[in-house]
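Peer 1: Quick one: this structure, given as structure tokens, is what I'll be asking you about.
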Amino acid sequence: MFSSATKVKGQGVGSAYEELISLLKTHFPDEFKISINKYGRSEISHYHTIDPQFYLSTFMPGRGRKIGYVHFLPETIEGSLKIPQPFRGIFYKYIIAFYKRMDHIVVVNPTFIPKLTAYGIPEEKISYIPNFVHKSEFYEMSSEKKQALRRQMHIEQDKFVILGIGQVQERKGVKDFIKLAKNNPDLHFIWAGGFSFGRMTDGYADLKKVVDNPPANLKFTGIIDRSELVNYYNVANLFLLPSYNELFPMSVLEAFSCGTPVLLRDLDLYHAIIEGYYAPAKDVSEMQAQISYLTKNTDALKTLHEKSNEASAQYSEEHLANIWHGFYMRQAREG
């Protein structure tokens, strides 16, 4: 395994990487020998991030079958990072060059397959394997535990809580989250996440002003350890992710795993992976309509809770363990 994803806290790539390592060590401790960022000979080299030193290592002997993990494409970086020209164009070309160096690549969303083929990567070299989360880490707590957490976080027991999670950046739709908080002063809004890339973050100046001085009913937690997120999902009545662009967000899977009802900006790429498991909204006005409806309709909220549980079963650790095992065995045979 090759990855630097955990060096930057609060990003989904690192979470997905840690989940996969944990899955393999838990389910196949005697079948797969895993090394991290070491350049000895191996049957399979799985690259999770596109670091230049990893790219150079692909030219070294003994790399075995080279597998690339596609967590983003050039177009999905727009709205996340501010990269001036000509460096942006160079970086985007490098991303595709890295993927083309791989013998096989894995996407977390099938809608990326035609985009990659348009870049000149043969479809037969691409596999779709979705993200997943461990139920032991993200789970629904008892009512008593939820009440205790609310007391601990100084949240009123009967207050409707709307949770957003992710980096504070334009692409995540944080400005719409802020607008909804201002429009609903009787509800409690929490955004768990911060500026993982500091001033390089797109929209940093404007967002920093609000983060430093938010509305009274909106709390920005800053970057927190992933192990703490389960508490936030369990105090929330509704998880809202207003992102304009995503692949297969770990936060949505985490919310599903905790049984938290989910409301999402209805992106086309969600239709291929989680359609029917969430409440859709195309813009901020529809998000407001959904919030107004769900805060008054407990049956609708309960239905979304049940949908989250169904989605959690679909993307369970056990199911994905079998998929990854089969994938690695096939790649080893082809190496």
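Peer 1: Hey, among D51, D103, D30, which residue is acidic (D, E) and under 30 Å from G222 (Cβ atoms)?
Peer 2: On inspection, the qualifying residue turns out to be D51.
Peer 1: For K25, which of the numbered conditions (1) outside any helix (DSSP H, G or I); (2) at pLDDT 90 or above; (3) over 18 Å from the mean Cα position of the chain (by Cα) fails to hold?
Peer 2: It is condition (1) that K25 fails.
Peer 1: Turning to a different aspect of this structure: What is the residue count in region 93-108 for residues that are crowded, with 16+ Cβ neighbours inside 10 Å and aromatic (F, W, Y)?
Peer 2: Looking only at that region, the number is 2.
Peer 1: Now for a separate question. Is it true that some residue in region 73-87 is crowded, with 20+ Cβ neighbours inside 10 Å, small (G, A, S) and outside the structural domain of F195 (by TED's automatic domain parsing)?
Peer 2: Yes; the residues of region 73-87 include at least one that is crowded, with 20+ Cβ neighbours inside 10 Å, small (G, A, S) and outside the structural domain of F195 (by TED's automatic domain parsing).
Peer 1: Please enumerate the residues belonging to region 124-165 that are among the charged types (D, E, K, R), surrounded by fewer than 15 Cβ atoms within 10 Å (Cβ to Cβ) and in a helix (DSSP H, G or I).
Peer 2: E124, E144, K145, R151
Peer 1: Within region 38-49, does at least one residue satisfy the condition of being hydroxyl-bearing (S, T, Y), within 25 Å of N245 (Cα to Cα), out of contact with any Leu (no Cβ under 9 Å at 6 or more places or on another chain) and not assigned by TED's automatic domain parsing to the domain that holds M250? Steps first, please.
Peer 2: To start, the set of residues in region 38-49 that are hydroxyl-bearing (S, T, Y) comprises 39, 42, 45, 47, 49.
If we keep only those that are within 25 Å of N245 (Cα to Cα) as well, we get 47, 49.
Then drop every residue that is not out of contact with any Leu (no Cβ under 9 Å at 6 or more places or on another chain), which leaves 47, 49.
So of that shortlist, the ones also not assigned by TED's automatic domain parsing to the domain that holds M250 come out as 47, 49.
Yes.
Peer 1: For region 32-64, how many residues meet the condition of being in a loop (DSSP other than H, G, I, E, B) and either free of Cβ contacts under 8 Å to residues at least 24 places away in the same chain or under 30 Å from V168 (Cα atoms) (or both)?
Peer 2: 17
Peer 1: Only one of P249, P280 is at pLDDT 95 or above and at negative phi; which?
Peer 2: Just a single option satisfies the conditions, and that option is P280.
Peer 1: Follow-up question, since we're still on this one. Can you go through V107, V174, V161 and tell me which one is assigned by TED's automatic domain parsing to the domain that holds S257, of a type outside the set (F, W, Y) and within 19 Å of the chain's Cα centre (by Cα)?
Peer 2: Details: V107 fails: assigned by TED's automatic domain parsing to the domain that holds S257; V161 fails: within 19 Å of the chain's Cα centre (by Cα).
That would be V174, the only listed residue that is assigned by TED's automatic domain parsing to the domain that holds S257, of a type outside the set (F, W, Y) and within 19 Å of the chain's Cα centre (by Cα).
Peer 1: Something else about it: Looking at K307 and the list (1) in contact (Cβ under 8 Å) with a residue 24 or more places away in the chain; (2) not in a helix (DSSP H, G or I), which single condition is not satisfied?
Peer 2: K307 satisfies all of (1) in contact (Cβ under 8 Å) with a residue 24 or more places away in the chain; (2) not in a helix (DSSP H, G or I) except (2).
Peer 1: For I105, state whether it is modelled with pLDDT of 95 or more, in contact with a helix residue (DSSP H, G or I) (Cβ under 9 Å, 6 or more places away or on another chain), farther than 14 Å from L247 by Cβ and not in a helix (DSSP H, G or I).
Peer 2: So I105 does not fit the description; no.
Peer 1: If only one of T58, T111, T117 is at pLDDT 95 or above and buried (at least 16 other Cβ atoms within 10 Å of the Cβ), which one is it?
Peer 2: One residue alone meets the criteria, T58.
Peer 1: I would also like to ask the following. Test each condition in (1) among the acidic types (D, E); (2) surrounded by fewer than 21 Cβ atoms within 10 Å (Cβ to Cβ); (3) under 16 Å from the mean Cα position of the chain (by Cα) for E254 and report the one that comes out false.
Peer 2: In the conditions (1) among the acidic types (D, E); (2) surrounded by fewer than 21 Cβ atoms within 10 Å (Cβ to Cβ); (3) under 16 Å from the mean Cα position of the chain (by Cα), E254 misses (2) alone.
Peer 1: Let me ask something additional. Please indicate, with yes or no, whether at least one residue in region 193-200 is more than 19 Å from the chain's Cα centre (by Cα), assigned by TED's automatic domain parsing to the domain that holds T298 and under 21 Å from N234 (Cβ atoms).
Peer 2: No, region 193-200 contains no residue that is more than 19 Å from the chain's Cα centre (by Cα), assigned by TED's automatic domain parsing to the domain that holds T298 and under 21 Å from N234 (Cβ atoms).
Peer 1: Using the structure shown, decide if D206 is in contact with a helix residue (DSSP H, G or I) (Cβ under 8 Å, 6 or more places away or on another chain) and of a type in the set (D, E).
Peer 2: Taking the combined requirement at face value, the residue satisfies it.
Peer 1: Against the conditions (1) in a loop (DSSP other than H, G, I, E, B); (2) at pLDDT below 85; (3) surrounded by fewer than 17 Cβ atoms within 10 Å (Cβ to Cβ), where does D186 fall short? Just the number, please.
Peer 2: (2) is the only condition that D186 fails.
Peer 1: Taking S227, is it crowded, with 21+ Cβ neighbours inside 10 Å and either of a type in the set (V, I, T) or assigned by TED's automatic domain parsing to the domain that holds L304 (or both)?
Peer 2: no
The values are calculated or read from the model by the stated rules, or taken from the named source; none is laboratory data. Small disclaimer: the values here were computed from a predicted structure and weren't measured. So basically every Cβ, Gly included, is an ideal-geometry build from the backbone, and we count neighbours across all protein chains shown.
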